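Since the structure comes first, as structure tokens, the remarks are kept for the end.
Quick note: the coordinates plus some simple rules give every number you see, no bench work behind them. A quick note: this is a predicted structure, and the numbers were derived from the prediction, not measured. For neighbour counting, all protein chains shown are included, and Cβ atoms are generated from backbone atoms with ideal geometry for every residue, glycine included.
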Amino acid sequence: MNEYSLCVSIIIPMRNEEKYIGKCLDSVIANSFPGDQYEILVVDGDSTDRSREIVLEKQSQFPGLRLLRNPQKVVPPGMNIGIRQARGRYIIRMDAHSEYPPDYIASCIAELQRTGAANVGGRWFTRPGSDSAVAKTIAFITQSPAVVGNARYRLGKGDCYVDTVPFGAFRREIFDQVGLFREDLVRHQDYELNARIRQAGGKIFLSPKIYNIYYNVPTYKKFMRQAYVNGLWCARAWTRYPVSFCWRHAVPLVFALGFLFLIFSGIVMRPLFWPALAVFSLYAISCLVLGVRMAAQHGWRHLFLAPALMFSYHFVYGVSTLFGFLDAVPQMWRVPQGKSTAGEQSKAL
């Protein structure tokens, strides 16, 4: 007799998502997968808006929807609460900021069975968080290799083994082998878990048959906060769990240090100024090329907006990574035991 009563458990960590959670759940409930073979566990981090009420209203449409409480508010404890409560043989992690096609669940299970991978995921198509020019530019540049590097899931690529995928569909037993999500990581916890899976011999597969629609932040302020928190927690994750290091995530730190060196050399070390300026000019050219591409597709008002957002994102991400190292160095030889209270989900590039 099977140990699990259901085929799939879908876990959605949530906090203050009243704008998105309704559409997210509608897309999940509309999936073609048999409704009696999966459950939806929404783990709420003490939302202060109408998110909980919206989820409760959806229970009448899908009896397998359960609302759980996450008093720690952040994603990793929420995921672990869901995993412990889950009744499915497979665990699919979904994000409240996303919408999913009708075949999403079935495709995840089929790809897990076909590939034998421990975790499978798909392409991440980013949409603007609002109709503003800034929001549209944010959505565009976060799908460009000039901004996100070789993150294949952001670039519309697939059918290959990778270092990480967005969210992920897991074999239940992988958590018995490598453990649950690190609850002391506010960000970067998905990448760290996938690094442990790969270290244990498991594979991460990016499938072209799987995709979701993700709504990015709508304003410059929120985009910069996203960059700051991502960079900060990358450094903290690397010092606590070196297996989670990734060169793609380290590039903004190198860029920020290079830019600061350019300013310093211009003031103090003149012989080094011109070589540093030449290197930085290549970056400036890539920014302008990105602006021209977006302007050609979406209008000339984006010509300088895209380069400005690209530079700001990389610089803030890089400087906050440095701050994360300075904060984390005294704790390099121990894992903090305290509970985190920050409240944003993992969207590290």
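In terms of its alpha-carbon gyration tensor, the range 125-202 comes out prolate; a/c meets the 1.5 threshold, and the first ratio a/b outweighs b/c. Projecting the Cα atoms of SER265, ALA146, TYR220 onto the dipole axis of the chain, where Lys and Arg carry +1 and Asp and Glu carry -1 at the beta carbon, places SER265 farthest toward the positive end.
Computed from backbone phi, the HN-Hα couplings of the range 58-72 come to 6, 4, 5, 7, 9, x, x, 8, 10, 10, 10, 9, 10, x, 7 Hz, rounded to whole numbers (Karplus: 6.51 cos²θ - 1.76 cosθ + 1.60, θ = phi - 60°; Gly and Pro given as x). A simple charge model with +1 on the Cβ of Lys and Arg, -1 on the Cβ of Asp and Glu and nothing else charged puts the dipole of the range 188-335 at about 280 debye relative to its Cα centre.
Shape of the range 25-66 from the C-alpha gyration tensor: prolate (a/c of 1.5 or more and a/b above b/c, with a ≥ b ≥ c the square roots of its eigenvalues). For the peptides 265-275, 98-108, the ranking by packing is 98-108, 265-275, with the highest mean count of neighbouring Cβ atoms within 10 Å listed first.
A Förster radius of 22 Å, combined with the Cβ-Cβ distance separating PHE311 from ALA278, puts the computed FRET efficiency at roughly 0.80. The alpha carbon centroids of the range 187-212 and the range 277-310 are separated by 31 Å.
Modelled spin-label separation between PHE264 and ARG114, with each label point placed 7 Å from Cα along the Cα-to-Cβ direction: 5.1 nm. The amide H of ILE204, built 1.01 Å from its N in the peptide plane, has VAL162 as neighbours under 5 Å, considering only residues 5 or more places off or on other chains. Of the peptides 277-283, 59-65, 16-22, the order by per-residue mean of other Cβ atoms within 10 Å, starting with the highest, comes out as 16-22, 59-65, 277-283. With both labels modelled 7 Å from their Cα along Cα-to-Cβ, the GLN199 to GLN297 distance reads 3.7 nm.
Taken about its Cα centre, the chain carries a charge dipole of roughly 620 debye when the Cβ of each Lys and Arg holds +1 and the Cβ of each Asp and Glu holds -1.
Pairs exceeding a 23 Å alpha-carbon distance, out of LYS157/LYS203; LYS58/LYS209; LYS58/LYS221; LYS58/LYS222: LYS58/LYS209; LYS58/LYS221; LYS58/LYS222.
The packing ranking of peptides 119-131, 230-242, 285-297, highest mean first, is 230-242, 119-131, 285-297, where packing means the average number of other beta carbon atoms within 10 angstrom of each residue. Summed over qualifying helices (DSSP H, 4 residues or more, each -39500 (n - 2.57)) and divided by its residue number, the chain shows a 222 nm mean residue ellipticity of -15000 deg cm²/dmol.
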